[in-house]
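The block underneath contains the structure these notes are about, expressed in structure tokens.
No lab work stands behind these numbers, since they all come straight from the coordinates. Note that the coordinates shown come from a computational prediction; the quantities given were computed from them, not determined experimentally. Counting neighbours? That spans all protein chains shown, and the Cβs are built from the backbone with ideal geometry, glycine included.
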Amino acid sequence: MQVSITVNGQERTDDVEPRLLLAHYLREVCGLKATNIGCDTTSCGACTVIVDGLSVKSCTVLAVQSDGAQVTTLEGLAGPGGKLHPMQEAFRAEHGLQCGFCTPGMVMAAIGVLADNPDPSDREVREGLEGNLCRCTGYHNIVRAVRTAAQAGAAARHVPQERQS
Amino acid sequence: MIPGPFEYLRAGSIEEAISALGEHGDDAKLMAGGHSLLPLMKLRLAMPAVVIDISRIPDFSYVRVDGDEVAIGAGTRHYELERSEVARAEVPLLPHVAARVGDPQVRHRGTLGGTVAHSDPASDLPTALLALDGSVVVQGPDGRRSIPVTEFWLGFFETALEPDEVVVELRVPRTGSAGWGYEKFTRRENDWPIVAVAAVDGRVALANMGGTVLRATATEEALAGGASIADASALAAEGTSPSADMHADAEYRRHLARLLTGRALHTAA
């Protein structure tokens, strides 16, 4: 089946099998490997991307369900010249990662948290990230990173839709 | 994990979905958010030959007051119910419970109609709907009918839906400022309940205490007869048949049912 999906601001049309998962579409068809597949059972959140402004677990969405949608992956966050998105910058500054496997999903989910609540408390960040597991248990600095990003204001919850070079 | 192959159809209306169900029969499954069905398909526990996507049906997501009831479109996603001002004012138990389903990403996809049709006895929202004594409006080739929630869930993954019927709306009485309580016991915040209890208006519903969500009828009768919360909640596990799994054995679930019923009733009071 033919689908048209705008991925990181760039519309593309692909012929896909109906059973192709969005996570596999992004990784295998689009070649965007930042989106990790961890548990593959909607539990760990490593595959979190933003679809039409909402965080979703792309291992539990079909590519055909996303036909016509705007999808943003971690690769779509950085600005021109590789300037980090404020959420990425905050994860770097606060050391919000250890092994890094959960990080792409964590960053995308965190942008979703701030979209709902621009200035969350520690507890609200933890509740907002309840669907993302960090096997290194590095939650403390992740929470700190999200709160630091919140201080950056609207930019930290901005989901880029225009194509970045 | 990759689902088995299937044909994908997109219904533009409820009527199209019903007609596709009529044409493909048992080989077809409806998919809205896909957060119950797709995991089963990935595990190959479900292998429908045809998937009918009903997520693009217009006017399928709404929460509105209709007389003494609140009517909720089956396509309403959990996060929409969670944030609905109408739901918060008229039936606050429901948005509270919606916010306890899974995690934000799951709530962005899952729908109320989907969780109702799925009939998992460990589901949060069906437990709340049962405590609210609501009804399920379904539509088939001959039109609509309303099924009380007490008659809708027949067993594990089994409902009173005919093969060519679609859940189109959920209806619950407006409870306004009446007290309510919801107690959910999990190991991790985003899990299904090991046991959960919803209480509102003298009614008590239990999650994961049998093949379907259940009403704690002995507790309700005791309350109606003037029993204390302590005495009534001690009866919460009467007539239940909880299963045992890696999280809890049956006796522990009975214990949780009694304990959580007491807490939910105290909150509601």
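Worth a mention:
- Averaging 1/r across all pairs of distinct Cα atoms in the range A:2-76 and inverting the result yields a Kirkwood radius of 11.9 Å.
- With loop membership from DSSP and a limit of 12 other Cβ atoms within 10 Å, the longest segment of chain B without trypsin sites (Lys or Arg not before Pro) is B:45-186.
- Helix-derived mean residue ellipticity, 222 nm - over the protein assembly as shown, DSSP H n ≥ 4, -39500 (n - 2.57), to 500: -8500 deg cm²/dmol
- Helix A:139-151 axis versus longest C-alpha principal axis of chain A: approximately 90°, rounded to the nearest ten.
- Reported to the nearest whole Å, the Cα centre-to-centre distance from the range A:46-62 to the range A:88-165 is 15.
- Segment residue A:11-residue A:92, extension gain: residue separation times 0.36 nm, minus the distance between their alpha carbons: 26.2 nm
- Shape analysis of chain B yields a ratio of the Cα radius of gyration to the Kirkwood radius, Rg/Rh, of 0.97.
- Projected onto its three principal axes, the C-alpha set of chain A covers 44, 33, 26 Å, listed from the longest axis down.
- Shape of the range B:191-269, Cα gyration tensor, a/c cut at 1.5: prolate
- Cα-based Lys pair tally, the protein assembly as shown, threshold under 28 Å, eight or more apart or on separate chains: 9
- Prolate/oblate/rounded call for the protein assembly as shown, Cα gyration tensor, a/c under 1.5 rounded: oblate
- Each of A:108, B:47, B:41 was scored by other Cβ atoms within 10 Å of its Cβ. Arranged with the fewest first, they read B:47, B:41, A:108.
- Between 0 and 90°, nearest 10: helix B:250-268 axis offset from chain B longest Cα axis: 80 degrees
- Rounded to the nearest Hz, the phi-derived 3J(HN,Hα) couplings of the range B:126-142 under the Karplus curve 6.51 cos²θ - 1.76 cosθ + 1.60 (θ = phi - 60°) are x, 4, 5, 4, 5, 5, 7, 6, x, 9, 10, 8, 10, 10, x, x, 9, where x marks glycine and proline.
- Between helix B:14-24 and chain B: long-axis angle, C-alpha atoms, 0 to 90°, nearest 10: 70 degrees
- Spin-label model, residue B:151/residue A:33: points 7 Å from Cα along the beta carbon direction are separated by 5.8 nm.
- Using every pair of separate Cα atoms, the Kirkwood estimate puts the hydrodynamic radius of the range B:7-53 at 10.7 angstrom.
- The range A:80-157: C-alpha gyration tensor shape, a/c 1.5 cut-off, then a/b vs b/c: oblate
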